[in-house]
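Working notes for the structure below.
The values are calculated or read from the model by the stated rules, or taken from the named source; none is laboratory data. Computed from a predicted model, the values in this text were never measured in an experiment. When we count neighbours, we look across all protein chains shown, and the Cβ atoms used for this are built from the backbone with ideal geometry, even at glycine.
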Amino acid sequence: MEKSSIPKHIGIIMDGNGRWAEMRGLPRVEGHKRGVERVSEMVEAATGIGIEALSLYAFSIENWKRPEDEISVIMGLLETTLSREFLNFMREGIRFRIIGNRDRLPRTVGAVIEQVEKGTAENKRLTLQCALSYGGRDEIIRAAKKIVQSGASADTVNEELFSSLMDTAGVPDPDLIIRTSGEQRISNFLLWQSAYSEFYFTDTLWPDFTKDELLEAVREYQKRSRRFGAVNLSQPKAFNSWGG
Ligand code: FPP
């Protein structure tokens, strides 16, 4: 792997847990349990590669529409995983934080999150952002409300201000977004931050996604030509295109 162009920030839409379980005649929650094992593997791989931030889409704001028992298993998994991983985060220099709308989180989950966020706040090696009760549109609206409430004048509203009010403030925008399970859409994940992200879609279901495939996605990313809307002067003119 080319060390000079490692992405700073990778986002992952972890999809396909339910299908993985259903294909094996297991309850959907078994897919989520297996999915948590992959989370631990990805965090370990991310620290190994040397990326600055990893954002994992664990529970969207739309996921509250799921059956109550499935929601409570996911919340329970989060609570136990976070309690269990806290010491590991400290040992490995991982700063943990939640992005999303915290209002609806169960009290016990909120308490563990607060404890792990506070405890790991000064860690510097990797920022692990868990998108929980998260929606990109909801995040943008919350930022807009803060601007209105602050009484800011129109000419002070710019991209920097919005970025600083996002849940992801202080973390660079994702260079690479991976989605598993064959779906090719963004599903309200990091809408503001993904303006110039590269996308990697794979048919692999999340419970089968390995460290090797993460490395494959990074290698694929390294082959892309990122122009951010400008032209790449090292390429022949015929290859330059309009968009980003
Ligand atoms: C998507 O699969 C997965 C989820 C909605 C939940 C993912 C949550 C975890 C793996 C737990 C995360 C834990 C930590 C510690 C970050 P799906 O159920 O939508 O699958 P389907 O599309 O096949 O139905």
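Taking V231, is it surrounded by 10 or more Cβ atoms within 10 Å (Cβ to Cβ) and modelled with pLDDT under 95? When the stated conditions are applied, V231 passes them.
Working only within the stretch 135-163, note down all residues that are surrounded by 12 or more Cβ atoms within 10 Å (Cβ to Cβ), in a helix (DSSP H, G or I) and small (G, A, S). G136, A143, A144, S163, listed by residue number.
Here the stretch 1-32 is the region considered, the condition is being under 25 Å from I49 (Cα atoms) and β-branched (V, I, T), and the residue that is farthest from the ligand (Cβ to nearest atom) is I6. Only residues that are touching a residue at least 60 places away in the same chain (Cβ under 8 Å) and either within 11 Å of the ligand (Cβ to nearest atom) or not hydrophobic (A, V, I, L, M, F, W, C) (or both): list them for the stretch 99-111, please. Listed by number, the list holds a single entry, G100. Looking across the stretch 177-200, the residues that are buried (at least 22 other Cβ atoms within 10 Å of the Cβ) and not in a loop (DSSP other than H, G, I, E, B) come down to I177, I178, R179. Scanning the stretch 49-86 for residues that are outside any helix (DSSP H, G or I) and more than 9 Å from the ligand (Cβ to nearest atom) yields G50, I51, E52, A53, L54, S55, P67.
So is R38 surrounded by fewer than 16 Cβ atoms within 10 Å (Cβ to Cβ) and either within 9 Å of the ligand (Cβ to nearest atom) or not small (G, A, S) (or both) or not? No; evaluated as a whole, the condition is false for this residue.
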